[in-house]
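The structure under discussion appears below in the form of structure tokens.
The values are calculated or read from the model by the stated rules, or taken from the named source; none is laboratory data. Not measured: the values here are computed from a predicted model. Cβ coordinates were reconstructed from backbone atoms using ideal geometry, including for glycine residues, and neighbour counts include every protein chain displayed. Heads up: the accessible areas ignore ligands, DNA and RNA and are worked out on the full protein's heavy atoms, side chains in. Shrake-Rupley method; radii C 1.70, N 1.55, O 1.52, S 1.80 Å.
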Amino acid sequence: MKEKFDVVIVGGGMVGAAVACCLGGSELKVAVIEAQLPEPFSVEQQHDLRVSALSIASKNILEAVGAWEGVTSRRCCPFKRMRVWETAGDTTFNSDDIGYPELGYIVENRITQLALLDRLPNFDNVQVLMPQTISKINYDGHAAEVLLADGRVLQAKLLVAADGGQSRVRQAVGLGVTSWDYNQHALVIYIETAYPQQDITWQRFVSSGPQAFLPLTGHYGSIVWYQSPDEVRRLQALPFDQLRTELVAAFPDCLGEVKQVLGVASFPLKRQHAQRYVKQGVALVGDAAHMINPLAGQGVNIGLLDAAALAEVLVDAGKRGKNIGDLAVLQGYEAMRRNENLKMMTLMDVFYRSFSNDILPVKLLRNFGLGLAQRIAPARKKVMKAAMGLEGRLPKLARGESLLSRE
């Protein structure tokens, strides 16, 4: 038997769950399909290795859909300072300079996902199919059918691909991507430090690539160490005590005493962008649409902006009696997000490449730029607002406005 939905979201991770929450309470009938349930949270658990720096815009979205309390009631680490430096150039950004209590929040990805999933049972118009696997996706150029492993068939006016960088939906409907590798990997190291909880995230540039620190709650932090693939493989294979020795030798003194290494993971750096975000009856969000250099931690943030923008377009179209799957409607979402995402991706790419070489004129120029940013307050404030997600064309939810009345 076929079940009819207005919107079927494939992927119940952070971005897919956010789309569902943003549509929660609307007139649209929504289904969310996700193959794997996240592990329940316990305060006794160690921090996950996968964390994100959520921007103020992302916080606004999560607050608007009622999910922010689910984050803060578990754990998150606000930060108000951000330092970026190389040799001569050194810039520190402080939220006090623009009248905000924080620049952002370091949050484990699983906690953000759980906080969003917690909200979905509150919406009568949203059906959660989790854990559930898909056996087949049929797309005829106008609408889609999703065949589930349990034999159910879901018909969708709009199929939303929120299923990651290797999106099965994107491949099934024939939306192409442009991608390339940076030939560098990022090593993520979970550490316990001698410092109490910190309120600063920092990034130092050295010849082998960036070195970054993200504060976590308590005496803990997350290190991101960019290196060649071979060097990352060597470091990742070391016993934790040896890895700690190499880490302390390579990183700056401001890291403080590293008491122990508690976990390690790695991933390749890759840039990928869908050539189009929409087709008739289909929309891409999050990593299915774009994968960005993680240098400034913007991947999840632009994915949540996608979710908010798509929901805004769909709710508006529904109010006006339009078919939410029409290409003309969906192009409104693409117009809101694709160029904004491309600008962010290009900025991160230029920043990464300009700091990842030892060509003397380039090195002098970038150090001069960092020094200039420290001395010129308007430039520093503009960079901070961009990092906080408060620049550019923002969806209503990212501005703290609701799409519809909620309980």
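The orientation-averaged shadow of the Cα convex hull for the stretch 40-164, equal to a quarter of the hull surface, comes to 12.5 nm².
Can you give me the long-range amide H partners of Tyr220? Hydrogens built in the peptide plane at 1.01 Å from N, cutoff under 5 Å, separation of 5 or more residues or another chain. Residues meeting the criterion, in which the H sits 1.01 Å from N, are Thr193. Only beta bridges with both residues in the chain are counted; by DSSP, about 70 percent of them are antiparallel. Take the Cα of Asn122, go 7 Å toward its beta carbon, and the backbone nitrogen atoms of the stretch 55-78 under 15 Å from that spot belong to 60-74. More than 20 angstrom separation, counting every C-alpha pair in the stretch 11-71; what % is that? Result: 38 percent of Cα pairs exceed 20 Å.
Which whole-number value in Å² is the accessible area per residue of the stretch 1-124, probe 1.4 Å? Per residue, the stretch 1-124 has an accessible area of 40 Å². Counting every pair of alpha carbons in the stretch 237-351, the share spaced more than 21 Å apart comes to 54 percent.
Straight-line cross-link reach from Lys2 at under 14 Å between alpha-carbon atoms covers these aspartates and glutamates, not counting any fewer than eight positions away in the same chain: Glu145, Asp150. In summary, the helical segments of the chain meeting the span-like criteria, namely a full DSSP H run, a Cα extent along the axis of 20 angstrom or more and a mean Kyte-Doolittle hydropathy of at least -0.5, are 299-319, 327-355, 360-375.
Note that the stretch 161-280 carries a Kirkwood radius of 16.3 Å, evaluated over its alpha carbons pair by pair.
Hey, which of these cross-link pairs are over 29 Å Cα-Cα: Lys80/Lys319; Lys29/Lys396; Lys59/Lys259? Those over the limit are Lys80/Lys319; Lys59/Lys259. With Cα atoms as the point set, the radius of gyration and Dmax of the stretch 116-221 evaluate to 21.4, 59 Å. With r defined as the distance between the Cβ atoms of Glu27 and Asp150 and R0 fixed at 25 Å, what FRET efficiency is calculated, to the nearest 0.05? Step by step, r from the Cβ atoms, then E = 0.35.
Taking all protein chains in place and a 1.4 Å probe, what share, in percent, of the accessible surface of the chain do carbon and sulfur account for?
Working: 8940 of 17230 Å².
Its accessible area is 52 percent carbon and sulfur atoms.
Computed over the stretch 42-95, the range of Cα coordinates on each principal axis works out to 43, 28, 15 Å, biggest value leading.
Peptides 160-169, 240-249, 53-62 ranked from most to least packed by the mean count of surrounding Cβ atoms within 10 Å: 53-62, 160-169, 240-249.
Compactness of the stretch 234-300 is given as radius of gyration and Dmax, 18.5, 55 Å, from Cα positions.
The slack in the chain from Arg320 to Phe267, taken as 0.36 nm per residue of separation less the alpha-carbon distance, amounts to 14.7 nm.
Looking at the stretch 1-119, send over the antiparallel percent of its DSSP beta bridges, to the nearest 5. Antiparallel bridges make up about 75 percent of those DSSP assigns within the stretch 1-119. Only helices enter the 222 nm calculation for the chain: every DSSP H run of n ≥ 4 contributes -39,500 (n - 2.57), and dividing by all residues gives -10500 deg cm²/dmol, rounded to 500. A P(r) calculated from all alpha carbon pairs of the stretch 2-43, with 10 Å bins opening at zero, reads 27, 47, 22, 5, 0 percent.
Go through Lys157/Lys322; Lys157/Lys343; Lys270/Lys385; Lys343/Lys381 and tell me which ones have a Cα-Cα distance over 23 Å in this structure.
On the way: Lys157/Lys322 12 Å; Lys157/Lys343 30 Å; Lys270/Lys385 26 Å; Lys343/Lys381 19 Å.
Lys157/Lys343; Lys270/Lys385, as the Cα separations exceed 23 Å there.
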